[in-house]
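Taking it in order: structure first as structure tokens, then the write-up.
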Amino acid sequence: MFRDRAALTFMLLAPFLLTIGMGFVTGRFSGGSSGLSDIPVIIVNLDHEQLGDALADTFSSQELADLMEPSASSDPAAARRLIDEDQAAAVVIIPEGFTRSIIPAEGTLFDPNYVEPEPVKIEVYANPSRPTSAGVVKAIVDEFVSRLEEGRTSGMTSITQLTLSGLLDPQQVESEARQLFDNVGQSESPAITLKKNQEGAAAVEFDILAYMAPGMALMFLMYTVSYGGRSILAERSQGTLPRLLISPTSTSQVLGGKVLGIFFMGLAQVGILILASSIFFGVQWGDAIGLVVLILAAVFGATGWGMLITALSRTPGQVANVGSAIMLIFGILGGSFINLEQMPAAIRIFSKITPNAWGLDGFTTLALGGTLPSLMEPIAALLIMGALLFGIAVFVFNRNGIMQK
Amino acid sequence: MSAILDVQNLVKKYGDFTAVNGITFDIKEGEVFSLLGPNGAGKTTTLSMLSTLYIPTSGDATIGGHSITKNPMAVKQVIGVVPQELALYEDLTARENLIFWGQMYGLSGKPLSSRVDEVLEQIGLTDKAKNRVRTYSGGMKRRVNIGVGLLHKPRLLFMDEPTVGIDPQSRRAILDTVKDLNQQGMTVLYTTHYMEEAQELSDRVGIIDHGELIALGTQKELTQQVGHTETLILHIAESDDPEALANSLKDLHDVLEANVTDHEVSIITPDAEDILASVVSKANERGIKIRSIDIREPNLEAVFLHLTGRALRD
């Protein structure tokens, strides 16, 4: 296969070029939108105070007007039900006392009897069938909380320093501190930006190429694994497979070697594409460990499909035809062309049979700042998929006598 | 001499079809043994079972003391196989092919490199070793195919119809290679449907037909089965009826058998010259035109004809 220049070019160059093409179409290279828009999010603000209001306002800010479509609710249970019914991407529940957990009430700052309130948690109830949108919502909330914490810590440090150096009168401390807290929730710089980082602010960035590049890579990975599987049937028809089986090598070693070859070929393809898109387009793929494990799992899952396609085919030509068809079908079903969240619920469920959908789920999570622990679901799904398909493929191989003696 | 191969009641069935039906034979160390039979007789299936590619339906064989069913990996170390169909990577050069297959047999490093050189010399392709197999003639490909089977110096070499579809010159080269290998001490199991090849190469011959071994022995032993007979072969015109002539000839004195193959009538007789005039007369009586006449001494073809009533090429 590595002498087949046309196949190599197709496997490596085509996904790269398609990614560039889609990048232009979606405006990635001209500062256009991310492709995600009007994400339905429900805000349940039970705090009704300064910081809760600030967070709620963030979602309806001008900067996020195109991206977010917020609606308000006062009933957390009802809002969660709407998510369960796939009516929105996520619910942000701002609990009562959120502001007070950060800004003490007036006159209590230096009260010796003051009891620090229990920390409260903002809940993001995410819709699992819309991982990208839910991920964006979560990233916005994380960013808000992170800025809040950053502002509080730096402000308190400054006040302490001023007090210790005598520049600030102890009587002035509470009023200064209060002013500081007031400013925490009213940062001038937008908490969230899309596409471009604001100088001096660690903005959340969701790069559409971080979605498209793996989408294309996963789609062409299906081509690679079926092309690799095709070599088993090609070897059978050219007589080298029986000769391999006659050599002092067990059937499992021969089949295992073939599978490993396909696996490493897929790995090389995805690896090269990821490296190239990082170098040429500056795509941020996220946590490196998570990325490596996810790639291994995605290639394993796809290899399972490649083996099954091979096992069900009679000739190398059949594998090529079926493989190409599956590549396109899985590409569409798995979200390589169109974000799955824009598809009907039934297709989103059906997409779970594809390594593309699970892989994209994982790559999106990574791009939104996720790490290995947050990738457990797609990784487990891909590994189970690969193992299951490989088992079925071996069964079919034996039944059809491809490797059987 | 001890037997390097001992086959006992080997059977291979595919559903209701029996490809090999309980064949039993052995091959002594240093022998060239031919399995002679027409296409579809079960030669390749037998070889595939012996080379551990197919699992027998029943029966067993030992090769170098190892059972093909119980210890196939040990058997694989003893045997070399030259399959009927070319089994090479055509995008690789001859040398690359030999290196790859040598590695599959556990060879590596300098021993592999020098062994590849030896084999290239043996098959006469040293000069063309760096050319891709795709560019070779059919005969050259066959020689590489044989070379792969020799790499690990097997004690027993299986050659499955290695001369099918090649030119006379390459065929001659392959037959000479088999003789050379045998002179160097290699035991060879050779399958063919060419009677001449079996006669030229073999110490002993097994004749196989419809999955059964119908005769086994040295050429002398086999031809004695036919008796001291000769075969008179009449080539008749395509428009004439050979069956009618054969039936009429059976009435003649000293005609032991008269069989028909295409437009040939084969007559087995103690003395062909004695009955020649009567045979021609019978043909004239029936208005059958004889184009040519051959008289053959007893050979394996005659044995096959005697045993099956058919020619080998049927």
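Here are some notes:
- Distance in nm between pseudo-label sites at A:Gln87 and A:Thr251 (7 Å out along the Cβ direction from Cα): 5.7 nm
- Taking Lys and Arg as +1 and Asp and Glu as -1, the other residues whose beta-carbon sits under 14 Å from that of A:Val44 total -2.
- Peptide packing: for B:35-48, B:132-145, the average count of neighbouring Cβ atoms within 10 Å per residue gives the ranking B:35-48, B:132-145, highest mean first.
- Shown here for segment A:63-107: GluC sites (Glu not before Pro) in loop regions (DSSP other than H, G, I, E, B) with at most 16 other Cβ atoms within 10 Å, namely A:Glu85, A:Glu96, A:Glu106.
- Segment B:1-76, relative contact order [Cα under 8 Å, separation at least 6], %: 34 percent
- Gaussian network model of chain B, Cα within-10 Å springs - most flexible of B:Arg171, B:Arg95, B:Arg286: B:Arg286
- Nearest-0.05 FRET efficiency for B:Asp203 and B:Asp241, computed from C-beta distance (R0 51 Å): 0.75
- Segment B:225-314, relative contact order in percent, only Cα pairs under 8 angstrom and at least six apart counted: 40 percent
- Distance between the 7 Å Cα→Cβ label points at B:Lys28 and A:His48: 11.0 nm.
- The mean number of Cβ atoms from other chains found within 10 Å of a Cβ in peptide B:49-56 is 3, as a whole number.
- Shape category assigned to segment B:228-297 from the gyration tensor of Cα positions, a/c cut at 1.5: prolate
- Given R0 = 35 Å, the distance between the Cβ atoms of B:Leu256 and B:Gln8 translates into a calculated FRET efficiency of 0.50.
- The packing ranking of peptides A:140-147, A:390-397, A:301-308, highest mean first, is A:301-308, A:140-147, A:390-397, where packing means the average number of other beta carbon atoms within 10 angstrom of each residue.
- Mean separation of Cα pairs under 8 Å and 6 or more residues apart, divided by the residue count, gives segment B:3-223 a relative contact order of 30 percent.
- Peptides A:348-360, B:14-26 ordered by average Cβ neighbours within 10 Å, highest first: A:348-360, B:14-26
- Peptide-level mean, for A:235-246, of C-beta atoms on other protein chains within 10 Å: 6
- With helices as the sole contributors, chain B gives -11000 deg cm²/dmol at 222 nm; each DSSP H run of n ≥ 4 counts as -39500 (n - 2.57), and the sum is divided by every residue.
FYI, it's all coordinate maths here, none of it is from the lab. Note that this is a predicted model, so its numbers are computed, not measured. Cβ: placed from backbone, ideal geometry, glycine included. Neighbour counts: every protein chain shown.
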